[in-house]
Amino acid sequence: MATRASLRRRQLGLSREQLAGRAGMSVAYLRQLEKFSGDFDPAALMRLAAALEMPYEELVAGREDAPPGQRTAAARPMLMRLSKQECWERLGTHGIGRLGLSADSGPLVLPVNYLVDAHTLVYRTDPDGAAAVAAGERLALETDHLDERMSNGWSVLVTGTADRITDPDAVRALMERPGAQPWAGGARELWIRIVPSEVSGRRIRVG
């Protein structure tokens, strides 16, 4: 626990004084927590876990499950290209993707809900948000699936140009489809269509 607390504090860029203030404990007590293992007050540990933005069980005992992608790879993995039809079939099974954009500060990647609509992808966003790209702007969307138990998975990448959907009937039809409500909440009244110029995908499976 001591190492996990100290490492997480450094990840958050906090000093001992700052973390102790967040957790409602003295700096001396926090120093003991970070250096030694022992029977510390559970209430203090719960406050510390909240201040470190991590689950109480993970702070005290560590993660029992390995993060995705850290298990041993299959004995004979095979990497295969997906056809365009296979790419679209997989895109239709998912509704969350990673949107890739160019921003003034550099590349930007954002998670978005998306729908497949006649071999295009559509998503809704805040008109003043980072994903509210202008018509004609280049962008990309990636989605994937990983099966740890079977040691296989796939990924699909769509690159193309943005088009703003302004026709009321088209917007109304999209709003009625399952998955149209944004997970991030809010009105998000602007609909963007990604018109693909290239669709590619790969699949990894056990040979």
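The values are calculated or read from the model by the stated rules, or taken from the named source; none is laboratory data. Nothing here was measured: the structure is a model prediction, and the numbers come from that model. Heads up, the Cβs are rebuilt from the backbone with ideal geometry, glycines too, and the neighbour counts pull from every protein chain shown.
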So, in region 103-134, exactly how many residues are of a type in the set (Val, Ile, Thr) and in a loop (DSSP other than H, G, I, E, B)?
2
Residues of region 176-194 classified as out of contact with any Pro (no Cβ under 6 Å at 6 or more places or on another chain), of a type in the set (Lys, Arg) and part of a loop (DSSP other than H, G, I, E, B), total
1
Do you know which of the residues in region 149-207 that are among the charged types (D, E, K, R) and crowded, with 17+ Cβ neighbours inside 10 Å is nearest to Leu121 (Cα to Cα)?
Arg193
Region 95-153, residues that are among the hydroxyl-bearing types (Ser, Thr, Tyr) and free of Cβ contacts under 8 Å to residues at least 24 places away in the same chain
Ser105
Mind listing whichever residues of region 77-102 are assigned to a helix (DSSP H, G or I) and hydrophobic (A, V, I, L, M, F, W, C)?
Cys87, Trp88, Leu91
Among the residues of region 106-116, what is the count of those that are under 16 Å from the mean Cα position of the chain (by Cα) and either surrounded by 15 or more Cβ atoms within 10 Å (Cβ to Cβ) or not assigned by TED's automatic domain parsing to the domain that holds Trp191 (or both)?
4
Val156 within 17 Å of the chain's Cα centre (by Cα) and part of a strand (DSSP E or B):
yes
Out of everything in region 117-148 that is of a type in the set (Gly, Ala, Ser) and under 13 Å from Val195 (Cβ atoms), what residue ends up being surrounded by the fewest Cβ atoms within 10 Å (Cβ to Cβ)?
Ala118
